[in-house]
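Trainee: Dropping the structure in here first, questions after.
The values are calculated or read from the model by the stated rules, or taken from the named source; none is laboratory data. Bear in mind the structure is a predicted one, so any value in this text is a computation, not a measurement. Here Cβ is always computed from backbone atoms with ideal geometry, including for glycine, and neighbour counts include all displayed protein chains.
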Amino acid sequence: MTQVDVLLGLQWGDEGKGKIVDVLSPQYDLIARFQGGPNAGHTLEFDGKKFVLNTIPSGIFNEKTMNLIGNGVVIDPIILKRELDNLKKAGHDPVAKGKLVIARKAHLILPTHQLLDAANEQKMGKDKIGSTLKGIGPTYMDKTGRNGLRVGDTTLPDFKDRYNKLVEKHKEILSHYEFEYDLAEKEAAFFEAIEFIKTIPHVDSEHYVNGFLKEGKKVLAEGAQGTLLDIDFGSYPFVTSSNTTTAGACTGLGIAPNKIGHVYGIFKAYCTRVGGGPFPTELDDEVGENLRQVGHEFGATTGRARRCGWIDLPALKYAIMLNGVTELIMMKADVLDGFDTIYACTHYEHNGKTIDYMPYDIISVKPTPVLKAIDGWKTDVTKVNKVADIPAKLADYIAFLEKELQVPVKFLSVGPDRVQTLELN
Ligand code: GDP
Ligand code: IMO
Ligand code: MG
């Protein structure tokens with residue numbers, strides 16, 4: 001019997017998960033998304049083409065790999081249909097090829113979930129979470145509140161009645177906000193999309209994934225968002241509404257903890273965050289602006305400018321512990337090519353103490369990062385395709401991180417394209 005490998009983000013999302021899942025997908029029989037929804041934007045580049053996936057797993061461009069949208073994911077049928085329509089226009093039709101299945105137990109994002117998200121954020125004003133406004137929070141609230149609608153419900157004769165019942169509830173809540181909306185157009189698109197997703201095979205993800213393992217096939221679980229956005233362990237309340245950590249792969253697919261194999265933790269050579277909330281190493285200056293411009297740090301889903309800062313080792317250590325990371329993947333090293341000196345946060349000064357962990361009280365008392373200066377490599381690494389050609393100073397940076405984090409760096413990414421990836425060790 002095989003085990004499920006997991007690939008997930010160790011920071012605040014957008015680490016480059018889509019690119020690496022695509023790179024690794026030829027080694028796997030199944031790629032499975034386990035949580036989150038179309039708040040995710042996973043970018044893949046190859047052969048001069050660029051794709052952004054929101055709901056669809058990033059194994060879709062590999063001919064032999066199956067792709068599963070797991071029970072832990074929340075699905076917006078309108079967005080899923082649009083993603084698949086766009087892929088079809090670009091010559092990729094995973095539905096026709098039978099390469100995509102969705103979990104019956106995955107919950108549906110209704111148009112009114114999005115309205116609730118928007119109404120709530122509007123009311124919070126400057127204290128808003130900075131949600132992607134895709135309806136993620138309200139949908140997971142209905143899931144845990146035991147009100148939600150699931151993919152499997154779409155084939156029941158009373159689906160429309162169930163839908164109306166939930167929408168009435170949402171309208172009642174919306175009436176307490178000063179928030180105007182027009183539902184008719186979105187509702188028509190929703191029902192059109194529901195008919196479309198009925199044409200994608202529905203499966204019980206728990207039996208489906210365990211069936212692959214029993215047959216000795218290889219499965220990779222693809223995370224969305226990042227560890228520091230986890231509902232339990234992230235910088236609450238500035239988080240998303242799912243467990244983005246390895247444990248989320250168990251509940252989001254229906255696999256037992258002892259079926260987890262390798263855990264690939266992916267991080268940028270620096271750090272970014274989009275939306276509100278604490279970010280100890282944030283650079284609110286021209287250095288941060290430089291990282292944003294060179295790294296093209298603008299959201300794949302919303303186009304928002306990402307906040308940028310130096311790598312945060314206490315935060316990474318925390319993420320490694322929570323996830324049981326066995327191998328690290330370092331992304332976007334090329335973005336630091338032009339820097340004379342780069343910095344790594346090794347500790348925080350917090351309430352008069354020097355600490356090496358993320359404190360509970362990170363929102364009202366901002367920790368001050370203790371930074372270690374590191375020589376830059378001042379070399380264009382975007383064309384480096386052999387380990388032997390990695391500049392010595394970049395190799396030193398990697399060795400420093402491995403020593404601090406006590407986990408080996410297995411892959412190094414030096415550009416957005418599939419081919420700009422090196423396997424180390
Ligand atoms: P994800 O959400 O974790 O899949 O990451 P995103 O796709 O939201 O953001 C990562 C961005 O960085 C995308 O625009 C990628 O094309 C790009 N990218 C990935 N790896 C690298 C790299 O090594 N170097 C550079 N310069 N860009 C990269
Ligand atoms: P990928 O998978 C980066 C952030 C939002 C906001 C918070 C809550 O591409 O890495 P939500 O819409 O979930 O209610 O927003 O989480 N966020 C992400 N940030 N990458 C993502 O996904 C994100 N998904 C949500 O910006 O701060
Ligand atoms: Mg992203």
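Trainee: Mind checking which residues of the range 324-366 are among the charged types (D, E, K, R) and surrounded by fewer than 17 Cβ atoms within 10 Å (Cβ to Cβ)?
Mentor: ASP340, GLU349, LYS353, ASP356, ASP361, LYS366, listed by residue number.
Trainee: Also: Can you run down the residue pairs with Cβ atoms below 8 Å, 6 or more apart or on separate chains, where the first is in the range 283-302 and away from ligand 3 (no atom under 16 Å from the Cβ) and the partner is in a helix (DSSP H, G or I) and not aromatic (Phe, Trp, Tyr)?
Mentor: LEU283/LEU291; LEU291/VAL335; VAL294/VAL335
Trainee: Taking the range 377-409, which residues are buried (at least 17 other Cβ atoms within 10 Å of the Cβ) and outside any helix (DSSP H, G or I)?
Mentor: Of everything in the range 377-409, those that are buried (at least 17 other Cβ atoms within 10 Å of the Cβ) and outside any helix (DSSP H, G or I) turn out to be TRP377, VAL381, VAL384, ILE390, PRO391, VAL407, VAL409.
Trainee: Filter the range 14-33 down to the residues that are under 10 Å from the mean Cα position of the chain (by Cα) and either over 14 Å from GLY248 (Cβ atoms) or away from ligand 3 (no atom under 12 Å from the Cβ) (or both) and list them by number.
Mentor: Passing the criteria: ASP14, GLU15, GLY16, GLY18, ARG33.
Trainee: Among the residues of the range 28-49, write down those that are farther than 14 Å from ILE69 by Cα, touching a Ser or Thr at 6+ places or on another chain (Cβ under 9 Å) and more than 9 Å from ligand 2 (Cβ to nearest atom).
Mentor: Within the range 28-49, TYR28, ASP29, LEU44 meet the criteria.
Trainee: Right, next: Go through the range 106-162 residue by residue and tally those that are in a loop (DSSP other than H, G, I, E, B) and either touching a Leu at 6+ places or on another chain (Cβ under 8 Å) or of a type in the set (Val, Ile, Thr) (or both).
Mentor: So the count comes out to 8.
Trainee: Return the only residue of ILE136, ILE109, ILE102 being within 16 Å of ligand 1 (Cβ to nearest atom) and under 23 Å from ASP204 (Cα atoms).
Mentor: Going through ILE136, ILE109, ILE102 in turn, just one is within 16 Å of ligand 1 (Cβ to nearest atom) and under 23 Å from ASP204 (Cα atoms): ILE136.
Trainee: Also: Does the range 304-318 include one or more residues that are within 18 Å of LEU8 (Cβ to Cβ), within 15 Å of ligand 2 (Cβ to nearest atom) and part of a helix (DSSP H, G or I)?
Mentor: Checking the range 304-318: at least one residue is within 18 Å of LEU8 (Cβ to Cβ), within 15 Å of ligand 2 (Cβ to nearest atom) and part of a helix (DSSP H, G or I).
Trainee: Moving on to the next point. Go over the candidates VAL52, VAL23 one by one and state the one that is of a type outside the set (Lys, Arg), within 15 Å of ligand 2 (Cβ to nearest atom), at pLDDT 95 or above and surrounded by fewer than 24 Cβ atoms within 10 Å (Cβ to Cβ).
Mentor: VAL52
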